[in-house]
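**Q** Before anything else, here's the structure in question.
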Amino acid sequence: MGKRLHEITNEITGETTAAFEPAIDYVVTKVPRWPIDKFDDVDFEIDTAMKSTGEAMAIGSTFEESLLKALRSSEYDPAVDWNTVDNTTLESEYLERPSPDRPYAMFEAFDRGYSVQEIIDLTGIKEWYVERFKRVSDAAQAAQDGDFTPAATAGRTNHEIAEIADGGVDVDTVEQEVPGRNYKQVDTCAGEFRAETPYYYSARLPEFHSGPLLGDEAAGELRVDKADESVVVVGGGPIRIGQGVEFDYCSVHAVQALREVGIDAHVVNNNPETVSTDYDTSDGLFFDPISAEEVADVVEATGADGVMVQFGGQTSVNIGEPLQDEIDRRGLDCEIMGTTVEAMDLAEDRDRFNELMDDLGIAQPEGGTATSENEALELAHDIGYPVLVRPSYVLGGRAMRVVHDDAQLKHYIEEAVRVSPDKPILIDEFLSDAVELDVDAVADGEDVLIGGIMEHVESAGVHSGDSACMIPPRSLSEQTLARVREVTESIATALDTVGLLNVQLAVRDGEVYVLEANPRSSRTVPFVSKATGVPIAKLAAKTMTGKSLDEIDAEEQIPEQTSVKEVVLPFDRLEGSDPRLGPEMKSTGEVMGSADSFGKAYDKAQDSTGKPIPESGTIALDLSAEAFPDPDTEAGEELVEEFGEFFEFSEAVDLIDAARAGELDIIVSRDRDLLEVAVEEEITYFSTPASAKAALEALQASDEPIDVKAISDRPKRADQWGK
């Protein structure tokens, strides 16, 4: 805009200008978050190709404190049992080879007695950093020997120290012996000028202090009036597959809603990429790890009246129960707002939720849990193959598979997951040919508002997070929609839901089955809100403050156009990954297209992903996979005929060579090798019958107008879903 740096005010200090270079008296560490748990077949050795999907950031008084806070914030634990790794493997696979596991391997090596110089020689990392890793390791050893202070000042939480310490030391004991935390302002000027922005990080006091800080001491540089009503909103942490920026959208809308009703909103989050961690989004930004202990510290320091854990996805929900315990331990006058922790736990407890559905007369796919191979085989035989199997403790469908026989199930148990009594696997009837649905709703404890009902483009067998979906649905009868509403309202009432509720369903032969219900924000909330014009995250936050849906004049809206949400896939960044869609989620983002018809909306969405559907050229139509109809059947012949209206069929003997030679414009196939080449050569491809048929509809709608229009101007009608 033409301004010079000295003419721009530094918003942090309010006194200096942008011409002042920052001077900081803290250390900031950023740690990438890699999807290593999603792509077993990808080499995640760190090199010049970016493979991370997100990042976590931490601020501390020392590098050690900042490092451990960042690693904790990344919510990553290596899938390694270090007891089974000998020194030779430790050196060759984890120290010499740069990978996401190397920081943890360095700690393990120091625990085994490796010297600083040995680690330098193996890793090539500079001495200054290796020495600080050694200090962290020495501090953990000191905690095992009963000296807790070094571990505390190095960045460990009191709960972590209690777990490290031998002899069953409790958190209360640790808390009294170690230096307490207080809050520092991020000021960009090393304290030379008074900062104006409410942007904070926690830091331990020096080692000569001990005991928790109370009152003004706990606040430190925090500037907040405890007499004001305030709420802490827990964010979503680093972006990774299954836990994306959708939850930051929800968190920011919750903050906006609180401020609209006159309540101060404080945010705890650690993702530098998000709007919630902008210093001017909330009344107080606390850039810290999302753990029960550290969130409780914010509650205590600010005098917050409540905490919202619904809006940060699984990350925030996971701390619900331990946070409640920590609030009770400290005797804080603060509540977890909205749906109770007990109700959230019930929804995630497979056996209790099944019992609830049976009591409500709501159908579910037949299924159960298994804690051993024998139990899994017996359960699969009772249900009948194919079955859907997945761990009970993961996010985003990680390690989810459809298995068709005993051999596949045994291989899954041996290779994909470690089944044990505390880590059971879930085994469900696979509802083939079912239409899958997502419903997002808001409840105030009595009434329920349906935000939207979405129909998945992909059929059962593709993870809901990877399926394109449309709103409003187009293949459901009025009776089915009414049943979907009835089921959603019944679940909301049974869970005493206050706030958001996401219900995933499947419809087959007119029967509505519930797959799962989550009384929290979901990844579809932004899509529903933009497609319908109903800001359901804001409405949910207001109901959690005690307001009824009637009080906030909330009403349902149904869009008169079709909106399609399509996913963005990371295969071009992850060489060797399987590009076929399946039951495990792999997408890292999404786009949206709206138009009068589904075909045009799908076409616009595909354009937005960078995978436009060509209108002519040469197609490789490979219907050899079991998922596709046989070319000799009526369905197969119809598919061939319809694609033949737009494309010439490739006659190449070797389709992979043809793709590499630039002879193909579009591919329909389930052949992994061919699709990997399609990714490399940037050829548009479709790997499921449902997406291939959707592509045909897009081609048939290619002459329809693009219909560029503001979201707010797209036509909607005030009406209730399913009524």
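The values are calculated or read from the model by the stated rules, or taken from the named source; none is laboratory data. These figures come from a predicted structure and were not determined experimentally. All Cβ positions, even for glycine, are placed from backbone atoms using ideal geometry, and neighbour counts span all protein chains on display.
**Q** Could you please find all residues in segment 693-705 being free of Cβ contacts under 8 Å to residues at least 60 places away in the same chain and under 30 Å from the mean Cα position of the chain (by Cα)?
**A** Lys693
**Q** In the set Thr277, Thr281, which member is without any contact (Cβ under 8 Å) to a residue 40 or more places away in the chain and either outside the structural domain of Gly236 (by TED's automatic domain parsing) or under 23 Å from the mean Cα position of the chain (by Cα) (or both)?
**A** Numbers: Thr277 fails: without any contact (Cβ under 8 Å) to a residue 40 or more places away in the chain.
When all the criteria are applied, what remains is Thr281.
For (1) part of a helix (DSSP H, G or I); (2) not hydrophobic (A, V, I, L, M, F, W, C), each residue gets a yes or a no:
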{"residue": "Arg520", "(1), (2)": "no, yes"}
{"residue": "Pro526", "(1), (2)": "yes, yes"}
{"residue": "Lys538", "(1), (2)": "yes, yes"}
{"residue": "Lys542", "(1), (2)": "yes, yes"}
{"residue": "Ser548", "(1), (2)": "no, yes"}
{"residue": "Glu551", "(1), (2)": "no, yes"}
{"residue": "Ala554", "(1), (2)": "no, no"}
{"residue": "Ile558", "(1), (2)": "no, no"}
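**Q** Further, regarding this structure: Are any of the residues in segment 633-644 in contact (Cβ under 8 Å) with a residue 60 or more places away in the chain and crowded, with 18+ Cβ neighbours inside 10 Å?
**A** Taking every residue of segment 633-644 in turn, none turns out to be in contact (Cβ under 8 Å) with a residue 60 or more places away in the chain and crowded, with 18+ Cβ neighbours inside 10 Å.
**Q** Would you check if Ser251 is assigned to a loop (DSSP other than H, G, I, E, B) and polar (S, T, N, Q)?
**A** No; evaluated as a whole, the condition is false for this residue.
**Q** Which residues, taken from segment 479-507, are touching a Gly at 6+ places or on another chain (Cβ under 9 Å) and assigned to a strand (DSSP E or B)?
**A** The answer is Val498, Gly499, Leu500.
**Q** Right, here's the next one. Could you pull out the residue among Lys38, Lys51 that is crowded, with 20+ Cβ neighbours inside 10 Å, modelled with pLDDT under 95 and touching a helix residue (DSSP H, G or I) at 6+ places or on another chain (Cβ under 9 Å)?
**A** None of the others qualify; the one that does is Lys51.
**Q** A further question on this structure: Under the condition of being among the small types (Gly, Ala, Ser) and in a loop (DSSP other than H, G, I, E, B), which residue from segment 301-321 is nearest to Phe247 (Cα to Cα)?
**A** If we filter segment 301-321 for residues that are among the small types (Gly, Ala, Ser), which is where we start, we get 301, 303-304, 306, 312-313, 316, 320.
Applying the additional criterion that residues be in a loop (DSSP other than H, G, I, E, B) yields 303-304, 312.
Working: Gly303: 25, Ala304: 22, Gly312: 5 Å.
Top of the filtered list is Gly312.
**Q** Lys716 - would you say it is modelled with pLDDT under 95, on the phi < 0 side of the Ramachandran plot and not assigned by TED's automatic domain parsing to the domain that holds Pro386?
**A** Answer is no for this residue.
**Q** Does at least one position in segment 298-318 carry a residue that is out of contact with any strand residue (DSSP E or B) (no Cβ under 8 Å at 6 or more places or on another chain) and under 21 Å from Met57 (Cβ atoms)?
**A** Checked against the condition, which is being out of contact with any strand residue (DSSP E or B) (no Cβ under 8 Å at 6 or more places or on another chain) and under 21 Å from Met57 (Cβ atoms), segment 298-318 yields at least one hit.
**Q** Gln141: at pLDDT 75 or above, over 19 Å from Val298 (Cβ atoms), outside any loop (DSSP other than H, G, I, E, B) and touching an Asp or Glu at 6+ places or on another chain (Cβ under 8 Å), yes or no? Reasoning before the result, please.
**A** On the way: at pLDDT 75 or above: yes; over 19 Å from Val298 (Cβ atoms): yes; outside any loop (DSSP other than H, G, I, E, B): yes; touching an Asp or Glu at 6+ places or on another chain (Cβ under 8 Å): yes.
Against the criterion (at pLDDT 75 or above, over 19 Å from Val298 (Cβ atoms), outside any loop (DSSP other than H, G, I, E, B) and touching an Asp or Glu at 6+ places or on another chain (Cβ under 8 Å)), Gln141 qualifies.
**Q** So, in segment 219-241, how many residues would count as being within 14 Å of Ser521 (Cβ to Cβ) and in contact with a His (Cβ under 9 Å, 6 or more places away or on another chain)?
**A** Residues that pass the stated criteria total 1.
**Q** Additional query: Is there any pair linking a residue in segment 142-153 that is under 15 Å from Leu68 (Cβ atoms) to one that is modelled with pLDDT under 95 and basic (Lys, Arg), with Cβ under 7 Å and at least six apart or on different chains, and which?
**A** Short answer, once both residue conditions are applied: Ala152/Arg204; Thr153/Arg204.
**Q** Is there a residue in segment 284-300 that is part of a helix (DSSP H, G or I) and either over 22 Å from Gln324 (Cβ atoms) or of a type in the set (Gly, Ala, Ser) (or both)?
**A** Within segment 284-300 (the criterion being part of a helix (DSSP H, G or I) and either over 22 Å from Gln324 (Cβ atoms) or of a type in the set (Gly, Ala, Ser) (or both)), the answer is yes, since at least one residue qualifies.
**Q** I'd like the full set of residues that are crowded, with 19+ Cβ neighbours inside 10 Å, over 31 Å from the mean Cα position of the chain (by Cα) and outside any helix (DSSP H, G or I), limited to segment 93-138.
**A** Tyr114
**Q** Please go through (1) farther than 22 Å from Leu323 by Cα; (2) outside any loop (DSSP other than H, G, I, E, B) for Thr274 and return the number of the only condition it doesn't satisfy.
**A** Tallying (1) farther than 22 Å from Leu323 by Cα; (2) outside any loop (DSSP other than H, G, I, E, B), Thr274 fails exactly one: (2).
**Q** To continue, here is another question. Tally the residues that are of a type outside the set (D, E, K, R), in a loop (DSSP other than H, G, I, E, B) and modelled with pLDDT under 95, restricting the search to segment 560-578.
**A** Of the residues in that region, 5 qualify.
**Q** For segment 547-564, does any single residue satisfy the condition of being within 30 Å of Ala605 (Cα to Cα) and within 22 Å of the chain's Cα centre (by Cα)?
**A** yes
**Q** Would you confirm whether any residue within segment 207-221 is within 22 Å of Ile319 (Cβ to Cβ), more than 31 Å from the chain's Cα centre (by Cα) and either β-branched (Val, Ile, Thr) or at pLDDT 75 or above (or both)?
**A** yes
**Q** Right, another one. Test of understanding: among Ala492, Ala595, Ala541, which residue is modelled with pLDDT of 95 or more and under 30 Å from Glu682 (Cα atoms)?
**A** Answer to the selection: Ala595.
**Q** Report yes if some residue within segment 566-579 is under 26 Å from Phe353 (Cβ atoms) and in contact (Cβ under 8 Å) with a residue 40 or more places away in the chain; otherwise report no.
**A** no
**Q** Looking at segment 161-172, I want the residues that are of a type in the set (A, V, I, L, M) and have a partner that is modelled with pLDDT under 85 with Cβ atoms under 9 Å, at least 6 apart or on another chain. Which pairs are those?
**A** Note: pairs meeting the criteria are Ala162/Gly168.
**Q** Any chance you could count how many residues in segment 706-723 are outside any strand (DSSP E or B) and either among the basic types (Lys, Arg) or without any contact (Cβ under 8 Å) to a residue 60 or more places away in the chain (or both)? Talk me through it step by step, then tell me what you get.
**A** Residues of segment 706-723 that are outside any strand (DSSP E or B), as a first pass: 706-715, 719-723.
Checking the rest, the ones that are also either among the basic types (Lys, Arg) or without any contact (Cβ under 8 Å) to a residue 60 or more places away in the chain (or both) come to 708-710, 713-714, 723.
Number satisfying all stated conditions: 6.
**Q** Can you name the helices (runs of 4 or more DSSP H) wholly within segment 635-704 that have at least 1 residues being small (Gly, Ala, Ser) and in contact with an Asp or Glu (Cβ under 6 Å, 6 or more places away or on another chain)?
**A** The helices (runs of 4 or more DSSP H) meeting that bar are 655-660, 689-700.
**Q** Here is a follow-up. Can you tell me which of Phe628, Phe649 is at pLDDT below 95, closer than 19 Å to Thr684 by Cα, out of contact with any Gly (no Cβ under 6 Å at 6 or more places or on another chain) and not assigned by TED's automatic domain parsing to the domain that holds Gly461?
**A** Phe628
**Q** Further question: Given the options Glu446, Glu458, Glu516, name the one that is acidic (Asp, Glu), under 20 Å from Ile241 (Cα atoms) and part of a loop (DSSP other than H, G, I, E, B).
**A** Glu458
**Q** Still on this structure, I have one more. Output the residues belonging to segment 288-318 that are surrounded by fewer than 24 Cβ atoms within 10 Å (Cβ to Cβ) and hydroxyl-bearing (Ser, Thr, Tyr).
**A** Listed by number, the residues that qualify are Ser291, Thr315.
**Q** Among the numbered criteria (1) over 17 Å from Val498 (Cβ atoms); (2) buried (at least 24 other Cβ atoms within 10 Å of the Cβ), which one does Leu515 miss?
**A** With (1) over 17 Å from Val498 (Cβ atoms); (2) buried (at least 24 other Cβ atoms within 10 Å of the Cβ) applied to Leu515, the lone miss is (2).
**Q** Continuing with the same structure: Quick test for you: out of Leu71, Leu90, pick the one residue that is outside the structural domain of Val245 (by TED's automatic domain parsing), in a helix (DSSP H, G or I) and within 24 Å of Thr153 (Cβ to Cβ).
**A** Leu71
**Q** Being of a type in the set (Ser, Thr, Tyr) and either assigned to a loop (DSSP other than H, G, I, E, B) or more than 16 Å from Leu515 (Cβ to Cβ) (or both) is the filter; apply it to segment 345-389 and report the residue that is modelled with the highest pLDDT.
**A** At the first step, the residues of segment 345-389 found to be of a type in the set (Ser, Thr, Tyr) are 369, 371-372, 385.
Cutting the leftovers down to either assigned to a loop (DSSP other than H, G, I, E, B) or more than 16 Å from Leu515 (Cβ to Cβ) (or both) gives us 371-372, 385.
On the way: Thr371: 85, Ser372: 87, Tyr385: 93.
So, considering only residues that are of a type in the set (Ser, Thr, Tyr) and either assigned to a loop (DSSP other than H, G, I, E, B) or more than 16 Å from Leu515 (Cβ to Cβ) (or both), the one modelled with the highest pLDDT is Tyr385.
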